[in-house]
Amino acid sequence: MASSPSRARRVIVVGAGIAGLMTAWKLCEDRVPVALFSSMPARRAHSGCEPGGFNAALATAGEDDRPALHLQDTLAAGGPLAAGPLLRGMTEAAPGLARLLDRMGVPFLRTREGLPALHRSGGSTRRRTLLAGASTGQQILFALDDQLRAHEARPCLDARGVEIPGEPLLQRHDPWDLLSLIRSPRGPVVGIVAQHLWTMEIRAFRADAVCLATGGHGALFPRSSASLTCTGTATAVAFLDGAVLADIDLFQLHPTATPGPGKPRLLGDRLLAGGGRLWVPKDPLDRRLPASIPERERRYVLEERHPAEGGLLSPGLASRELLRVSRERGHGESAGEREVYLDLPGVPPEVLRERWGEELRVYERSTGEDAGRGPMRVFPAVQGSLGGLWVDFEPDGRGGVVARSPRNHATSREGLYAVGQAQHRYHGEGLLGGNEHLACMYGGQLTGAAMAAYREAMGSGGEDEAGSVYEEAEGRERARQEALLRGEGGKKGEGVFRLRQALEEALEGVLEGPPEGLRQAVERVREVEERARQARVGDQGGRCNQSVQGRRHLEGMVALARVIAEGALRRREQGEGVTRRALVQRREGAVAWVQGFSYRCAGRTIEVTDETEEGAAV
């Protein structure tokens, strides 16, 4: 591939969470120049808020653990939609990735002998979860960010091996917000249009390939622990451009969210693994303080239905059991009416704080209550999304994947890749506790290698496109910006944040699941969609204009909310449960639920159906 004498041929990674940083790191290790875009500094990414650990079958806890058992547990949690070859590759790679993170400086907890301290997570039959206290995600994020800093000082080389002046191997662009994808007249994605969130500058950027590592859309749901930035708007940008979504209606619940004002926070699985028990009063009308209710008058919900696993069911299954009991007891839908109690019987307060001090502090900051004075109040909340952009993989014929195939994590748009919660693979209908960070690391490793292979196979990219392609894309977004600032929705339109709240309320029925609730959710989302067309932009300023940014995001949020509600209703009405992949694509301006499609990758045509895990080359 020829290289410009003055400019490096880059690939773009959008998103600086664990998945995005790992993808960028792998690309840099392969000497592929990277432009890393994010709407905030990497150390503020949502990955740092995830309390889950990192699963790896290290077998240092005196148990006979191995990757095959890890795979078995993961498939049991994910059900029929879990992608077996990818999961096999992930579980086999997990021990090596854990050792890699250890060498990068992640401070995993240790035993007295200095071995990694392993814990059980929800759905696991062995102790295999590595933890760095209650901040495992943050520690992994920081370690990867530190590793990438070295690549900011490494020079780019052209095709002759000569340094390109002023071109570091890694360029960071933050705070930049993705506005649209740029496609070549030939079809492949060859860049993006982005906006600087301080100066509001709009600019087109060239690329040989683009990866979306922008997280999920958990913030669309009510009572979600996901960050307010997890709106899925980058996923929506790709969907509105014609990319296929898969299983967009599936989401992950976790049973130990904190009640109280503001966003719920997850306490994670460590308390349950340490003997924590979830219960409700046997009498639904019992209004006594939980500490005064004797054990004989308590109903231990999970132990009642699943005595072998107890509180260590997979998080999604445990949450649904708790919601079922809430409905049986005739409770409403508010968080307070769905609360259950969590306590660790027989553990002295000083031991409780010594072992689980970080989790207790999270609870106390969220509720204002002393966690050591009695049972803690928790309730099931949305942890994140399971569906997203459809991505492919190439099987190796032995039950795994071809490591450097350009098809791995390729979306249905040639030149566009997706990783992390932005895509639908790995978790199926449910996430095994401790696999969330592992999936991001393994997925980033695969995606970086795939993008490098794609770039090499194509032989051309963004630097070969005519400048008019980028000028036109940039002009469209500037015209859109001007229309929004002129008050496209009129002065009487509703504000963006009120409409965002209405969208959350509309998706309430999707969480609970009865058919009548799903039909109502579809109608309410369509109503919000109509109101959103006339949304107003309250700020007309030319700097740090969050109002116009929110207005841009609202379009994508509404588009995703619509297919989430319609997908959930469609799945229920067809009676297929989660045994068949749900594929949706925007075609000629309309939403179409499809059973198959074809796409191009590195010069090959791939045929895909909703009954196959991966595409077939033709």
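The values are calculated or read from the model by the stated rules, or taken from the named source; none is laboratory data. Treat the numbers as computed from the prediction; the structure is a model and nothing was measured. Please note: Cβ atoms are built from the backbone with ideal geometry, for glycine as well, and neighbour counts cover all protein chains shown.
Need a quick list: helices (runs of 4 or more DSSP H) entirely within segment 300-372 having at least 1 residues that are small (G, A, S) and modelled with pLDDT under 85.
315-328
With respect to the numbered conditions (1) buried (at least 24 other Cβ atoms within 10 Å of the Cβ); (2) under 30 Å from T231 (Cβ atoms); (3) at pLDDT 95 or above, which one is the sole condition not fulfilled by H70?
Every listed condition holds for H70 apart from (2).
Quick one: which of G433, G443, G448 is among the small types (G, A, S) and either outside any helix (DSSP H, G or I) or free of Cβ contacts under 8 Å to residues at least 24 places away in the same chain (or both)?
Matching residue, one of G433, G443, G448: G433.
Scanning segment 22-40 for residues that are part of a helix (DSSP H, G or I) and charged (D, E, K, R), which turns out surrounded by the most Cβ atoms within 10 Å (Cβ to Cβ)?
It comes out as K26.
Checking the structure you have, find out if any residue of segment 531-543 is touching a residue at least 40 places away in the same chain (Cβ under 8 Å), assigned to a helix (DSSP H, G or I), in contact with a Leu (Cβ under 9 Å, 6 or more places away or on another chain) and outside the structural domain of L240 (by TED's automatic domain parsing).
No.
Listed residues A143, A98, A93, A134; which is out of contact with any His (no Cβ under 8 Å at 6 or more places or on another chain), buried (at least 20 other Cβ atoms within 10 Å of the Cβ) and modelled with pLDDT under 90?
Going through A143, A98, A93, A134 in turn, just one is out of contact with any His (no Cβ under 8 Å at 6 or more places or on another chain), buried (at least 20 other Cβ atoms within 10 Å of the Cβ) and modelled with pLDDT under 90: A134.
Would you confirm, using the coordinates I've provided, whether A19 is within 30 Å of L228 (Cβ to Cβ) and not in a helix (DSSP H, G or I)?
The answer is no for A19.
Pick from segment 388-422 the residues that are in contact (Cβ under 8 Å) with a residue 60 or more places away in the chain and either assigned by TED's automatic domain parsing to the domain that holds L266 or of a type in the set (K, R) (or both): which of them is farthest from G89 (Cα to Cα)?
Here the answer is R413.
Does segment 285-293 include one or more residues that are modelled with pLDDT under 90, under 25 Å from G509 (Cβ atoms) and either in a loop (DSSP other than H, G, I, E, B) or not assigned by TED's automatic domain parsing to the domain that holds G428 (or both)?
No - not one qualifying residue is present in segment 285-293.
The conditions are (1) under 19 Å from G276 (Cβ atoms); (2) buried (at least 22 other Cβ atoms within 10 Å of the Cβ), and T125 fails exactly one of them. Which is it?
Unmet condition: (2).
Here are the criteria: (1) farther than 30 Å from R203 by Cβ; (2) modelled with pLDDT of 95 or more. Tell me which single one P33 does not satisfy.
Result: P33 fails condition (1) only.
Which condition does G517 not pass, out of (1) surrounded by fewer than 20 Cβ atoms within 10 Å (Cβ to Cβ); (2) more than 24 Å from the chain's Cα centre (by Cα); (3) within 24 Å of L240 (Cα to Cα); (4) not polar (S, T, N, Q), if it passes all the others?
The failed condition is (3).
From T231, T214, grab the single residue that is touching a helix residue (DSSP H, G or I) at 6+ places or on another chain (Cβ under 9 Å) and modelled with pLDDT of 95 or more.
Of the residues listed, the single one that is touching a helix residue (DSSP H, G or I) at 6+ places or on another chain (Cβ under 9 Å) and modelled with pLDDT of 95 or more is T214.
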